[in-house]
Amino acid sequence: MQKWEGSNEIIKKGSLIGIVATVVVLLGGGGAFAKQQAAKQWVNSTTPTIFIHGYGSSYHAEESMVKAAQKAGVTKSVALARVDKNGQVKISGDKIAGQRNPIVEVNLANNKQSDMAEGAKYIRNVIQALQKRDHITKYNFVAHSMGNMDAFSYLNDYGTQSGMPELKKQVVIAGGGLSGWTRDSANVEKMRSHMDNLKNVYPHADVLVIGGNTGNGSDGRVPNAATRSVREMLGDRPASFRIKMFQDKQYTHSGLHENKQVFKLINNFLWKKN
């Protein structure tokens with residue numbers, strides 16, 4: 001017989017082998033159990049979700065949200081769409097055609113430009129590349145900060161064109177609409193002139209807007225009033241519209257895409273079974 005140090009239990013040697021075997025079986029079955037739980041919790045859809053980062057950023061700003069979805073069992077399929085400064089798209093990573101809740105991360109090489117027509121072309125090129133490679137017919141958007149303007153500009157300029165895939169759901173993180181800004185900068189004026197018709201052409205998609213209030217009525221960069229004005233910018237077009245303003249100093253402009261509560265909200269909105 002063998003006595004384990006620090007324990008009052010005396011275990012026969014033969015019993016130890018049985019215990020180890022039992023543990024191995026349980027661990028081996030853990031993966032199957034996790035799959036079963038994920039299948040119960042999340043939809044089984046082939047619609048890809050496209051993540052778009054903000055100004056001066058990269059796909060690394062999307063990684064925490066994507067990893068949270070993977071960890072929750074939403075998907076195993078993640079592709080990366082790199083857009084060079086000429087707008088050419090190169091897709092690497094997993095094939096997403098026919099896969100369960102696939103995700104596409106977007107990386108914009110020209111990440112410090114605010115020309116909305118240019119941003120719209122970048123996103124159009126990504127979607128067309130996915131059409132060609134993976135034959136997508138529907139998609140979701142998740143964007144942060146300026147990435148929302150790229151997404152909205154695409155929808156404004158190309159969303160209603162014949163042959164383009166259909167937007168199903170859109171998550172707007174730390175973004176703003178056409179009003180509520182503390183000062184009218186040149187970029188805000190450009191936004192107003194470019195997006196004024198969006199309320200007439202926006203697809204009938206489900207929309208979730210996520211903002212943060214660190215204590216001064218903004219996330220440190222985007223005023224809460226501007227975030228709330230997304231509703232006005234889209235008019236009556238969305239099939240559903242929900243806004244969530246997180247109240248705490250941790251919900252900063254960049255902190256929103258690194259926050260567990262935000263992860264949970266995104267996952268539930270996009271993929272949770274009704």
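The values are calculated or read from the model by the stated rules, or taken from the named source; none is laboratory data. Model, not experiment: these values are computed from the prediction. Cβ placement follows ideal geometry from the backbone for every residue including glycine, while neighbour counts extend to all protein chains displayed. Accessible surface areas use protein heavy atoms only, side chains included; no ligands, DNA or RNA. Shrake-Rupley method; radii C 1.70, N 1.55, O 1.52, S 1.80 Å.
Suppose every K and R has +1 on its Cβ and every D and E has -1 on its Cβ; what is the size of the dipole of the chain about the Cα centre, in Debye to the nearest 20?
Working: 36 positive and 22 negative charges, 173 e Å.
Roughly 840 debye for the chain.
Between Phe246 and residues 5 or more places away or on another chain, which pairs have amide H atoms under 5 Å apart, with H built 1.01 Å from N, and which residues are they?
Hits under the 5 Å cutoff: Gly211, Gly212, Asn213.
How much area per residue is accessible in the chain when the probe is 1.4 Å and only protein heavy atoms are counted (Å²)? Numbers along the way, then the final one.
Values: 14090 Å² over 274 residues.
It amounts to 51 Å² per residue over the chain.
How big is the dipole moment of the range 170-222 about its Cα centre under a simple scheme where the beta carbon of each Lys and Arg is +1, that of each Asp and Glu is -1, and everything else is neutral? Debye, nearest 20, please.
On the way: 5 positive and 5 negative charges, 20 e Å.
It works out to roughly 100 debye.
Test of the criteria: in the range 121-200, which trypsin sites (Lys or Arg not before Pro) are in a DSSP loop and have at most 12 other Cβ atoms within 10 angstrom of their Cβ?
Answer in residue order: Arg183.
State to the nearest 20 debye the size of the charge dipole of the range 176-274 about its Cα centre, where the only charges are +1 on K and R beta carbons and -1 on D and E beta carbons. All intermediate terms of the calculation are to be shown ahead of the outcome.
Numbers: 15 positive and 9 negative charges, 66 e Å.
Magnitude of the dipole: close to 320 debye.
Given 10 °C and 1.306 mPa s, compute D for the range 122-163 with the Stokes-Einstein relation, Rh being the Kirkwood radius over Cα pairs; round to the nearest whole µm²/s. Intermediate values should be presented prior to the final figure.
On the way: Rh = 10.9 Å.
Estimated diffusion coefficient is 146 µm²/s.
Roughly how far apart, in whole Å, are the Cα centres of the range 43-91 and the range 145-178?
Using only Cα atoms, the two centres lie 15 Å from each other.
With the crude spin-label approximation of a point 7 Å out along Cα→Cβ, what separation in nm comes out for Ile243 versus Asn111?
The two pseudo-label positions are separated by 2.9 nm.
Stokes-Einstein diffusion coefficient for the range 66-117 at 10 °C in a medium of 1.306 mPa s, Rh from the Kirkwood formula over Cα pairs: what value in µm²/s? Don't skip to the end; give the middle numbers.
Working: Rh = 12.4 Å.
Taking Rh from Cα pairs, D becomes 129 µm²/s.
Amide H to amide H under 5 Å from Val104: which residues, 5+ apart in sequence or cross-chain, H placed 1.01 Å off N in plane?
Thr49, Ile50, Phe51, Ala79
Gain in length, Asn86 to Ala225, computed as 0.36 nm per residue apart minus the alpha-carbon separation, to one decimal in nm? Walk me through the intermediate numbers first.
Details: separation 139, 0.36 × 139 = 50.04 nm, distance 3.49 nm.
Separation in residues times 0.36 nm, less the Cα-Cα distance, equals 46.6 nm.
What is the antiparallel percent of DSSP beta bridges lying wholly in the chain, to the nearest 5? Working shown, then result.
Details: 9 of 42 bridges.
That works out to approximately 20 percent antiparallel.
How far apart, in nm, are two points set 7 Å out from the Cα along the Cα-to-Cβ line at Glu189 and at Asn268?
4.3 nm
Determine the equivalent ellipsoid of the chain by diagonalising the alpha-carbon gyration tensor, then write out the semi-axes as square roots of 5 times the eigenvalues, largest first, rounded to whole Å.
Working: eigenvalues 348, 101, 55 Å².
Equivalent ellipsoid semi-axes, largest first: 42, 22, 17 Å.
If you roll a 1.4 Å probe over the chain with all protein chains in place, what percent of the accessible area is carbon or sulfur?
For the chain, the apolar C and S fraction of the accessible surface comes to 49 percent.
Per-residue HN-Hα couplings for the range 198-213, Karplus 6.51 cos²θ - 1.76 cosθ + 1.60 at θ = phi - 60°, whole Hz, x for Gly and Pro?
Along the range 198-213, the couplings run 4, 5, 9, 10, 4, x, 7, 9, 7, 10, 10, 10, 10, x, x, 10 Hz.
Which ³J(HN,Hα) values, rounded to whole Hz and listed in residue order, are derived for the range 141-152 from phi using the Karplus coefficients 6.51, -1.76 and 1.60 in 6.51 cos²θ - 1.76 cosθ + 1.60 with θ = phi - 60°, glycine and proline given as x?
10, 10, 9, 10, 6, 4, x, 5, 5, 4, 5, 5
Longer than 21 Å from Cα to Cα, which of Lys95/Lys244; Lys90/Lys132; Lys67/Lys95; Lys71/Lys273; Lys138/Lys244; Lys138/Lys260 are they? Say none if no pair is.
Working: Lys95/Lys244 33 Å; Lys90/Lys132 12 Å; Lys67/Lys95 17 Å; Lys71/Lys273 17 Å; Lys138/Lys244 25 Å; Lys138/Lys260 27 Å.
Where the Cα-Cα span goes over 21 Å, the pairs concerned are Lys95/Lys244; Lys138/Lys244; Lys138/Lys260.
Counting helices only, and only those DSSP H runs with n ≥ 4, report the 222 nm mean residue ellipticity of the chain as the sum of -39,500 (n - 2.57) divided by its residues, in deg cm²/dmol to the nearest 500. Could the numbers behind the result be given before it?
Values: 9 runs with 108 residues, N = 274.
Mean residue ellipticity at 222 nm (helix-derived): -12000 deg cm²/dmol.
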